[in-house]
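All remarks here apply to the structure that follows.
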Amino acid sequence: MNPSKTALRRHASVAVMHRILIAFLLAATATTYADAAATDCVAGSYRLADGSSVDIAPSSGDTLRWRKFDGTTGALHPHANGTWTSTRGWTEQSDGITATFAGCDTIAFGGQNGTRLRLETRDIVFASHGTSLSGRMVMPPGEGKVPLVVLIHGSEPDSAIASYPLQRMLPAQGIAAFVYDKRGTGSSGGKYTQDYSLLADDAVAAVTAARAAAGARLGRIGFQGGSQAGWIVPLAAARTHVDFAIVCFGLAVNALDEDQQAVEIQLREKGYSPADIRDAQNLARAAENVFVSNFTSGFGELDRLRKRYANARWYKDLKGDYAYIIVSKSEAELRAMAPQFDWHIPFHYDPMPVLRASRTPQLWIIGGEDYEAPSAETRKRLESLVAGGRDFTIAYYKNAEHGMTYFDVDAKGERVSTRYAPGYFDLIRDFANGALHGSYGDAEVTLPKKTRAH
C-alpha cells in the first residue's frame, strides 16, 4: 500500500495493522495536504448541471481528490493560471478532466458547472468510558426524516472528521452522516487502541449522540465501517438497537487468520506451489507469534525459520498483512518496538458467535482481489449464515481490492488503483434507505432467504 494515499482511498479502512505498522516501523512520512486555507475553501460536495454530484477533498501534497458516486475518482493538480487537471484514480495518467473554482461555492468540472451543496453541519462532543470524543453530524438539505449512517473507523490513526468523504457524499444523496474521531486520533481524547470491544462501546456512544443530534429528522439509523471496523460494527450492533449495519472489506475470521490468508493469496497469485506457500505461512506464523507476545518471546523460532528459508525462492515475496515487517527486523529491534504497540489487539477474537447471534440486517461488501483482508473464507462463512436464515446480504466484487477499488498493474508489477467498484457507493446508499434495487456494477449479490422468498 502507498502510505501517501488518503485514508479514504480505502474508505476509512485499511487492514488491521498494515498502515500503522508502515507508519511506525518504516518511519513513513505523514501525508501532507494542500494549502489549508485553499482546501477549507473548496472542499465539499457540489451539484453539477446534469444532477450528479462531485466531492472535492484534500489529498497529498498540493493536490485535491475528486470522487463521484458512480465510483470514478482522480487527483486534481493545480496550475498557476488557476486551473486544475486530473489524473485517473491513483495513477499518473491524465483522464482529460479539468476543474476551476470561482470562490468557495462554484466549480466547473469536466465541462459542467456546479454549485456547493449547503449541508447542515454540526460539531458534537460526546463521552465514552470517561473519554471525550469529537463528532460531526452532516445533514442533507430539507426538513424531512432521513436515514442516518454512523461512520466507524478502520485501524487508521487519521482524523475521520478531517478525511472521510462519505460524511459529504452520503448527505449529497439524501442520507445523513455522523463521523467521529476515534479515541487517540484527531481531536478526540484517550489513547489509540485496537481493543475491538472498547471501540464498539465508543460506536454505541456515537449512535446515542447521533440520535440526539438528528432529533425529529431521524429515520433509520445504522453503522457503516471498513476493514478493521468489520469486527467492530457487528459488536456495536449487538449492543444497541440499529436498523442496519454495513461492513466494507471486513473479515469474518480473526487477525491471525487474516495474515495467513494474505500470505496465501499473494503467493498463489505469483505462481508459487502449495508446498512453498505452506513454508511461507510457517515463517509468517512465527512472526505473528512474536507480535502476539507483544515482542517479548518467539524470537528463537523466528530466527530458526528465517535461516531455514532465507534462500527460498518465495522469501523475497513474503508479505502477508504485517508478517513481512516483523520478519525484516532483528530481535533487538523487535523488543524495542513493544512500547509503541501496546494496542490491546485481540488477535484471537472469533467474530462468528456475534455474527450468528445477529438480529440486525447486515450488508457485507467484499472484494475477490483483496490482499489485506482476503475474502475467500469470509465469503464462505457469510454464505453459511445466509443459508442458516440470518439476515445478511453479500455483495462480492471479484476484481476489487482492499478499499473496493479496481486497479491496473504497472511495469513493476505493482497495483495502482484506478477507481472504486461501480455500484459500491450505491449499495451503501440503498441499504441505508432500506432496500437494494437491481444490479450494482458487476457485484455478485447474495440476498437473505426471506428477501428471495418475496
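The values are calculated or read from the model by the stated rules, or taken from the named source; none is laboratory data. Please read these numbers as outputs of a predicted model, since none were measured by experiment. All Cβ positions, even for glycine, are placed from backbone atoms using ideal geometry, and neighbour counts span all protein chains on display.
A few comments on the model shown:
- Qualifying position, being over 20 Å from the mean Cα position of the chain (by Cα) and either surrounded by 22 or more Cβ atoms within 10 Å (Cβ to Cβ) or not hydroxyl-bearing (Ser, Thr, Tyr) (or both), among GLY434, GLY423: GLY434
- Of the candidates ARG217, ARG211, the single residue that is surrounded by fewer than 18 Cβ atoms within 10 Å (Cβ to Cβ) and farther than 21 Å from LEU133 by Cβ is ARG217.
- Tally, over segment 182-200, of residues that are buried (at least 22 other Cβ atoms within 10 Å of the Cβ) and in contact with a strand residue (DSSP E or B) (Cβ under 6 Å, 6 or more places away or on another chain): 2
- Segment 223-241 - residue that is outside any helix (DSSP H, G or I) and crowded, with 24+ Cβ neighbours inside 10 Å and, of those, farthest from the chain's Cα centre (by Cα): PHE223
- Looking only at residues in segment 370-398 that are out of contact with any Gly (no Cβ under 8 Å at 6 or more places or on another chain) and part of a loop (DSSP other than H, G, I, E, B), the one that is nearest to GLY423 (Cα to Cα) is ASP370.
- Residue within segment 372-380 that is among the basic types (Lys, Arg), closer than 24 Å to ASP243 by Cα and surrounded by 18 or more Cβ atoms within 10 Å (Cβ to Cβ) present: yes
- LYS398 modelled with pLDDT under 95 and either buried (at least 20 other Cβ atoms within 10 Å of the Cβ) or of a type in the set (Lys, Arg) (or both): no
- Residue check for VAL409: more than 19 Å from the chain's Cα centre (by Cα) and not assigned by TED's automatic domain parsing to the domain that holds ASP95: yes
- Residue in segment 346-356 that is at pLDDT 95 or above, among the hydrophobic types (A, V, I, L, M, F, W, C), out of contact with any helix residue (DSSP H, G or I) (no Cβ under 6 Å at 6 or more places or on another chain) and assigned to a loop (DSSP other than H, G, I, E, B) present: no
- Within segment 277-339, helices (runs of 4 or more DSSP H) holding 2 or more residues that are assigned by TED's automatic domain parsing to the domain that holds GLN266 and farther than 25 Å from ASP370 by Cβ: 299-309, 331-337
- Sole residue being more than 17 Å from the chain's Cα centre (by Cα) and either closer than 21 Å to ALA212 by Cβ or touching a residue at least 24 places away in the same chain (Cβ under 8 Å) (or both), chosen from ALA200, ALA162, ALA172: ALA172
- Meets criteria (at pLDDT 95 or above, under 28 Å from PHE223 (Cα atoms), of a type outside the set (A, V, I, L, M) and not assigned by TED's automatic domain parsing to the domain that holds ARG217) for SER52: yes
- Candidate set: segment 81-137, residues that are closer than 30 Å to ASP408 by Cβ and among the β-branched types (Val, Ile, Thr); chosen: the one surrounded by the most Cβ atoms within 10 Å (Cβ to Cβ): ILE107
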